[in-house]
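The structure under discussion appears below in the form of structure tokens.
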Amino acid sequence: MDLLIDQTPTAQLLVLITYRPEFQPAWGHRAYLTRVTLNRLSHPDVEQIVDRITDGKSLPSEVLRQIVEKTDAVPLYVEECTKAILESGLLKEIDGRYEQIGTSVSLTIPSSLQDSLMSRLDRLVSAKGVAQLGATIARQFSYELLQAVSRLDDVTLQRELERLVNAELVYQKGEPTQAIYIFKHALIRDAAYESLLRSTRQGYHRRIAEVLEAQFPETVETQPELLAYHCTESGLHEAAVPYWYQAGQRASERSANLEAICHFNRGLELMSTLAHTPDHAQQELTLCLSLGKVLEAVKGQAAAEVQDVYTRARELCERMEAAPQLFLTLTGLCGSYIARAELQTAWQLGEQLLTLAQRNHDSIYLFCAHQMLGTISLHQGQLASARQHYEQTLNLYKCQPPSTVAELGIDSGVMCLAHLSTTLWFLGYSAQAQTRSREALELAQDLAHPFSLAYALCWTSHRHVYWGEIHAAQERAEAVMALATEHHYAALIAWGMLSLGWTVASQGNYQEGIDQIRQGLTMYWGTEAKLYKLYGVSILVEAYGMAGQIEEGLALLSSILEIDITEDRCWEPEAYRLKGELLLQLAVPDVTQAETCFQQALSKAREQQAKSFELRAAMSLARVWQQQEQHQDAYNLLAPVYNWFTEGFETADLIDAKMLLDELRA
């Protein structure tokens, strides 16, 4: 090898040599040699390998996560583990993707690799037992904990650990008595662990749990999932449940939402193995409520999993007659029905919430109830009622600002201000709407709670869309996308895509914007939500209009307005107006039908007292009459609507209305 390296500069030769980091080459540093450090594959690289093996059929996200974790992104192991999963019968192929069968999947190490790893462990004889005990603790373990659970004396234990390190089965960080050990590869840890008899393994787990609880209180406090895991694997299910709950709460507090879901679900799985007692029912209820809040953030309120967990919580509440938990349960269930646009059912739950709040004389309950009723009223088109409920909510919040993040997953003040802002704009009070929107964002920033901040940014970005403020909408949408993506907030990612797509289309990149809006709608509807469906479609239809794709826009609007009707009514006036505008853009404008749409928009806006929509509809109809030389009729229609406004004269709609009135007057 040395001779080959020496001859390289004078020969037409490219030499490629691979070696492990611990190898020290004899030829040292030379000008004609380039050293390249090969890092492990990135997540996208692993996904690319998996995608090739599955012929483009996507795996469940949890299965993909386990492949990434257990293989350490080593290509060979990625391939072998992926193939093992596909051949395991634990997945089924449906519509070009794989879905999981059952509640959990445990990756199986390919036998050829396991045989190889076990032969190395077997050759170490007594050190194998230390490896097995360490593997039972975790892939990474401290000497202090291993020594506490081991029956070996310090000298023997350190000697056997040194043999494992020398064999490159584990790495050591720090001096022996203070060291942290980590298995070189997750598959090595699994091989050592799986080689234990089940009874021995359970005994080890029980011993580890006992030692952790008795001698390592700080670890139990900061890593409750570790104790929960060992209690679970040792068969101490009743003891494990509270620790899974603590682990879920800690993960939720730092917005590690997927981790929190995993921990809460582990606790609930164990609950099914326990006897039915009042205490166990209370534990299950607490887990359900905590899981529900995190699921709402990750999958959206309308997701079937959210409704299922709150329905189960309601059954437990009614069995236990637990009033505090019943209120939180009904709040979650009501929110789920709202997101699905099943507003009549949601209203019944909202009234039940208000009754409970009044009966208990609880201010927190009261503002939660008013918040729910306000949201339902808004989407039913009862804007005055919505404003009244929201302002009552805000007054209660200001009197005694409660911390609702833990119970509701979002700060109620932020939510209320965001919704009130939209309601005020619908009603024609754009300056007040802007103030409330700014207050929502400032409050969310002060709280530093990721979901509350993402929520406020989302609503602010869409307020800019309402007002046609392209650059401001883009700035807020990009902020939403970044924060929501980081914390896996599916619904907010979708809404960020909608506003961002609108800004892209508004700047002339029509197809790119349309594609992005479509992607956002697909993602949002994938959460099973139907609330704001008409608004989302209207954004896409507006982009179609910009791009001159009139037929597509008309077909989509007609299907929503005439076939796929929901109980969500608040955006109907604007949808009918947009339909009228598209009819005027046809190669042969359908003026008669357009006038009908504008009249429908006016009628619905007046029913809702939605002055902003009434102004837009009046302008659209006035322009048609202007073209027909009916200037006085157009002026008489628009002037009273414009004159009603007392604020917001700097907004685009009122500026356009003023210009149109001046033209009509002339």
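The values are calculated or read from the model by the stated rules, or taken from the named source; none is laboratory data. These numbers come from a predicted model, not from an experiment. Ideal geometry is used to build each Cβ from the backbone, glycine not excepted, and the neighbour counts take in all protein chains shown.
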### Task
Taking the options 652, 639, name whichever one is without any contact (Cβ under 8 Å) to a residue 24 or more places away in the chain and closer than 26 Å to residue 431 by Cβ.
639
### Message
Which condition from (1) surrounded by 20 or more Cβ atoms within 10 Å (Cβ to Cβ); (2) farther than 23 Å from residue 435 by Cα is the one that residue 496 breaks?
### Response
(2)
### Message
Between 616, 606, which is buried (at least 22 other Cβ atoms within 10 Å of the Cβ) and among the basic types (Lys, Arg)?
### Response
616
### Query
Taking the range 117-138 as the region of interest, how many residues are within 18 Å of residue 207 (Cα to Cα) and part of a helix (DSSP H, G or I)?
9
### Message
For the range 52-65, which positions are exposed (fewer than 12 other Cβ atoms within 10 Å of the Cβ) and not in a loop (DSSP other than H, G, I, E, B)?
### Response
52, 61
### Query
Which ones in the range 165-176 are closer than 17 Å to residue 133 by Cβ and assigned to a helix (DSSP H, G or I)?
165, 176
### Task
Report, by residue number, each residue of the range 16-25 that is surrounded by 13 or more Cβ atoms within 10 Å (Cβ to Cβ) and within 24 Å of residue 81 (Cα to Cα).
none
### Task
Out of the residues in the range 289-327 that are among the acidic types (Asp, Glu) and without any contact (Cβ under 8 Å) to a residue 60 or more places away in the chain, state the one that is farthest from residue 481 (Cα to Cα).
321
## Note on the structure
When residue 524 is run through (1) touching a His at 6+ places or on another chain (Cβ under 9 Å); (2) modelled with pLDDT under 95, the failure sits at (1)
### Task
Among the numbered conditions (1) surrounded by 22 or more Cβ atoms within 10 Å (Cβ to Cβ); (2) without any contact (Cβ under 8 Å) to a residue 60 or more places away in the chain; (3) not small (Gly, Ala, Ser), tell me where residue 465 comes up short.
(2)
### Residue pairs meeting the criteria (Cβ under 8 Å; at least 6 apart or on separate chains; first closer than 16 Å to residue 549 by Cα, in the range 499-527; second among the aromatic types (Phe, Trp, Tyr))
513/502; 514/544; 517/502
### Query
Taking the range 152-164, which residues are acidic (Asp, Glu) and either surrounded by 13 or more Cβ atoms within 10 Å (Cβ to Cβ) or in a helix (DSSP H, G or I) (or both)?
154, 160, 162
### Task
Identify the residue in the range 350-378 that is hydrophobic (A, V, I, L, M, F, W, C) and touching a Ser or Thr at 6+ places or on another chain (Cβ under 6 Å) and, among all such residues, is nearest to residue 330 (Cα to Cα).
368
### Task
Provide a single number: the residues in the range 26-51 that are assigned to a helix (DSSP H, G or I), touching a helix residue (DSSP H, G or I) at 6+ places or on another chain (Cβ under 9 Å) and surrounded by fewer than 16 Cβ atoms within 10 Å (Cβ to Cβ).
2
### Message
Between 412, 385, which is among the small types (Gly, Ala, Ser) and modelled with pLDDT under 95?
### Response
412
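For the range 480-490, enumerate the residues that are free of Cβ contacts under 8 Å to residues at least 24 places away in the same chain and buried (at least 18 other Cβ atoms within 10 Å of the Cβ). Before you say what the answer is, go through the steps one by one.
Start the filter on the range 480-490 by keeping residues that are free of Cβ contacts under 8 Å to residues at least 24 places away in the same chain, which leaves 481-482, 485.
Residue satisfying the conditions is 481 alone.
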### Task
Quick one: count up the residues across the range 431-444 that are more than 16 Å from residue 472 (Cα to Cα), in contact (Cβ under 8 Å) with a residue 24 or more places away in the chain and not aliphatic (A, V, I, L, M).
1
### Message
Please return the ranges of helices (runs of 4 or more DSSP H) entirely within the range 311-406 where 3 or more residues are over 23 Å from the mean Cα position of the chain (by Cα), crowded, with 19+ Cβ neighbours inside 10 Å and hydroxyl-bearing (Ser, Thr, Tyr).
### Response
383-399
### Query
Which residue pairs have Cβ atoms closer than 6 Å, lie 6 or more positions apart in sequence or on different chains, and pair a first residue in the range 175-201 that is under 26 Å from residue 82 (Cα atoms) with a second residue that is at pLDDT 90 or above and part of a helix (DSSP H, G or I)?
183/189; 189/135; 192/131; 192/132; 192/135; 193/135; 196/132
### Task
Take the residues in the range 177-194 that are surrounded by fewer than 16 Cβ atoms within 10 Å (Cβ to Cβ) and not aliphatic (A, V, I, L, M), then tell me which one is nearest to the chain's Cα centre (by Cα).
194
### Task
Output yes when any residue across the range 527-537 is among the β-branched types (Val, Ile, Thr), crowded, with 18+ Cβ neighbours inside 10 Å and at pLDDT below 95, and no when none is.
yes
### Query
When you scan the range 195-270 for helices (runs of 4 or more DSSP H) that lie fully inside it, which ones turn up with 3 or more residues that are acidic (Asp, Glu) and at pLDDT below 95?
none
